[in-house]
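What follows is a short report on a single structure.
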Amino acid sequence: MKRKQIIILSILLPIAIISGFSLWLLWEHKSVPKTYSTTRSLMPVSASTQATIQQTLNNFWQEYALQHKPQGEKKDSDSDLKSESINPKTNEAEINSQVKATTHPELETKILYPGIPEGLVITPVSSKSIKLSWNPAIYAATYNVYRSTKHDQGYRKITNVKSTLFVDTGLNPGTAYFYKISSVKSTGVESYFANPVGTVTNAIDSTVSSIPSR
């Protein structure tokens with residue numbers, strides 16, 4: 001009788017262990033998500049919002065530099081700890097010289113987004129083409145051009161260019177077109193948009209009319 005109990009126990013024990021381990025694996029499998037998704041809006045950002053973002057970056061990196069400063073190192077001045085401005089009008093050569101002069105190399109990577117392309121000017125060239133030009137944006141490697149026939153919706157990317165000049169062709173005569181420009185870093189990170197600008201292509205044998213930006 002005792003021998004039968006030992007045999008039954010030797011059979012049931014491995015089964016119980018395997019069953020428990022299988023249940024644990026199933027629970028772990030369901031508990032850990034397999035995929036993640038992120039989204040980012042490219043809506044225009046106001047000047048006050050940009051200033052708030054920049055100030056937040058300044059505060060964070062000042063605190064980071066102070067916490068990671070080697071012992072015995074002289075305290076840096078405020079000018080050494082300031083992050084680069086996201087204002088696209090800032091002189092890039094000046095910023096680069098300031099970054100190289102700092103004793104904290106890790107601060108060189110603190111700018112996440114390139115500058116916003118400002119100063120978009122669009123001019124109808126003919127009944128089927130429009131010329132676009134804008135100011136260079138800091139840390140921009142290329143620029144994305146978006147177009148729509150409506151001011152506030154329906155924008156689609158039509159090209160990516162390295163220069164700050166582009167001629168859009170193959171358009172319809174006497175038709176309103178609106179454009180947005182974003183800059184792209186060498187890492188692929190895209191900036192926010194400036195406000196869209198619109199105009200109307202020339203009608204055949206007609207004068208040019210334009211739509212002021214809102």
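No lab work stands behind these numbers, since they all come straight from the coordinates. Fair warning: this is a prediction, and the values are worked out from it, not measured in the lab. Using ideal geometry, Cβ is built from the backbone for each residue, glycine included, and neighbour counts are taken over all protein chains shown.
Taking other Cβ atoms within 10 Å as a rough exposure proxy, I15, I181 sort from fewest to most as I15, I181.
I want the local charge near V145. Using Cβ-Cβ distances under 14 Å, sum +1 for each Lys or Arg and -1 for each Asp or Glu among the other residues.
With Lys, Arg at +1 and Asp, Glu at -1, the net is +4.
Lysine pairs in the range 121-205 8 or more apart or on different chains: how many have alpha carbons under 18 angstrom apart? The number of close lysine pairs in the range 121-205 is 9.
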